[in-house]
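Worksheet for the structure shown next.
The values are calculated or read from the model by the stated rules, or taken from the named source; none is laboratory data. Because the structure is a prediction, the values reported are computed rather than measured. We place every Cβ from the backbone using ideal geometry, glycine too, and count neighbours over all the protein chains shown. The protein model used for the area step is the full one, side chains on, heavy atoms only, and it has no ligands, DNA or RNA in it. Shrake-Rupley method; radii C 1.70, N 1.55, O 1.52, S 1.80 Å.
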Amino acid sequence: MAGYERVASFATPSDFRKFIESKGYSIPMVDELPEKMKLAEKVQYRGRTIGNRWAILPMEGWDCNPDGSPSELTRRRWLRFATSGAKLIYGTEACAVMKEGKSNTRQLTMTDACYDGLAKMVEEMRSAHAAKFGTADDLLIGLQLTHSGRFSHPNDDKRLESRTAYRHPLLDKKFNTPESAVVTDDEIHGIVDAYRRAAVLAARAGFDFVDVKQAHGYLGHEFLSAVDRPGPYGGSFENRTRFFREIVQGIMADAPGLNISCRLSICDFLPWIKNEAGQGVPMEWKGDYPYAFGGDGTGFGWNLDEPVKFVKMAHDLCGLDMICATIASPYYNVHYQRPAYFAVADGWPPPVHPLEQVARHLKVVAEFKRRCPDIMVVGSGYTCLQDYLPNVGEAVLEAGQADFVGIGRMVLSYPEICDDVLNRRPLARCKICRTIGDCTNAPRHGLVSGCYPLDGFYKEHPHCAMLKEAKAAKAAR
């Protein structure tokens, strides 16, 4: 990260604003939060009131029980989400709809065996929120439903058991994916049924909505770029969206009244790899690159025509009027949607200033919101802004470039940031995420996720010492 100015080095919002302006980064911000903050505004959603514009994004803790039910570590995270002050818990956690689609052996799973634990946690979240804030009537809680597809590790965290939408000439090479990984049409029907069953259980457990994940290179997202797949699930836009439509139609039939949203990668890019020097570089491709949903054909830019068409189709299908907008995939574009100053275990140093990546993310989401003004957009990718996240989030909302400010990594180290901002307390700088990446490094070594540098609970966890040893061993190689 040599040469990249750290956010913590800027003493005031004005200093930070002047810096981003000098770099030409399209990052809106306010120097001071106004008396009437957009972040504090209530939002009406399908007959419900969402109490403010903070959102907690879904993550994976790698800390559930082997059967996919929530553990005490899962419960601790969820209750911290519930008492953060955010009024939209968008998706809560990436929850696999079946064992075969788990991204790791300890991923949360929505099955009959896991139902009781999840239902209890939803009830506890509402109770904890009400105890702290007086009511939970304006709290909306969702559950993200997903199948990890290419990145499935259902039986061994070190062995991929990929299920893919089609033969991808670059990703198959990058991840050593066999031809047999492509799901058959019959297998797709079984996966759709698993989504339907999971949604029924989610509704019964008390979730307000489900997020049918279409992001980050997982199976749902991959179908959107299946331009080469033969048959009813590939080729045309109609066919490439069939998987999503069948899931949604099934949920509407089996769980009427359950609201449906989706986290969507609104654009994708060429995959990157690490070269011999340890730097990240895009994979080589000649000619038009057709495998990036929302891409412009170059592999480096975006064209939102199809993502906009997809969301409008979903709105007509099920009344979908809220999405969480993200971009690309952390598996092959690690710095695009999760900008960081430090390289994660299997990644590479930031190829450009991390704030340049933030600017791209905000710009793409702003364009999407402009083209879909009637869709509520939960923004993401804010954590790298660190001390000035609230200033940027407020400006984004004021400009109408998103409807909610969604945070992920930040809430692991500093869940109270939402409540502190809303009540004008000084930020607790010792809790602010500095994008060190140990919440990702730990899972990369088979350990539970958490903020090991800043959360005292994880500092004392046995996995902290194991993580330090793993990182030291890698550094010595």
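Out of the total accessible area of the range 3-79 (probe 1.4 Å, heavy atoms of protein only), what percent is carbon and sulfur? Exposed carbon and sulfur together represent 47 percent of the surface. Put a plus charge on the Cβ of each Lys and Arg, a minus charge on the Cβ of each Asp and Glu, and nothing anywhere else: the dipole of the range 148-226 about its Cα centre is then about 180 debye. Just so you know, the Cα atoms of the range 339-436 work out to an Rg and Dmax of 14.1, 40 Å. Orientation-averaged projection of the range 398-477 equals 7.1 nm² [convex hull of Cα atoms, one quarter of hull surface area]. Its Kirkwood hydrodynamic radius, worked out from the mean inverse distance over all distinct Cα pairs, puts the range 230-305 at 15.2 Å. Solvent-accessible area of the range 321-477 (1.4 angstrom probe, protein heavy atoms only): carbon and sulfur portion equals 54 percent. Looking at the chain, the accessible area is 38 square angstrom per residue; that uses a 1.4 Å probe and ignores ligands, DNA and RNA. Computed over Cα pairs, the Kirkwood radius of the range 1-148 leads via Stokes-Einstein (0.890 mPa s, 25 °C) to a diffusion coefficient of 138 µm² per second.
The residues Glu469, Glu93, sorted by heavy-atom accessible surface at 1.4 Å with ligands and nucleic acids left out, run Glu469, Glu93 from largest to smallest.
Considering only Cys439, Ala473, His461, and ranking their Cα positions along the charge dipole of the range 432-477 that arises from unit charges at the beta-carbon of Lys, Arg, Asp and Glu, the one farthest toward the positive end is Ala473.
Extension gain for His189 to Leu317 (0.36 nm times residue separation, less C-alpha to C-alpha distance): 44.2 nm. All Cα-Cα distances of the chain, cut into 10 Å bins from zero to the largest, leave 4, 21, 34, 29, 12, 1 percent in each bin in turn.
No solvent, one uniform scatterer per C-alpha: report log10 I(q)/I(0) for the range 177-295 via the Debye equation at q = 0.09, 0.14, 0.15 1/Å, two decimals. Computed log10 I(q)/I(0) values: -0.32, -0.70, -0.77.
Neighbours of Gly408, meaning other residues whose beta-carbon lies under 12 angstrom from its beta-carbon, give a summed charge of +2 when Lys and Arg score +1 and Asp and Glu score -1. This model, with +1 at the C-beta of Lys and Arg and -1 at the C-beta of Asp and Glu, gives the chain a dipole about its Cα centre of some 760 debye.
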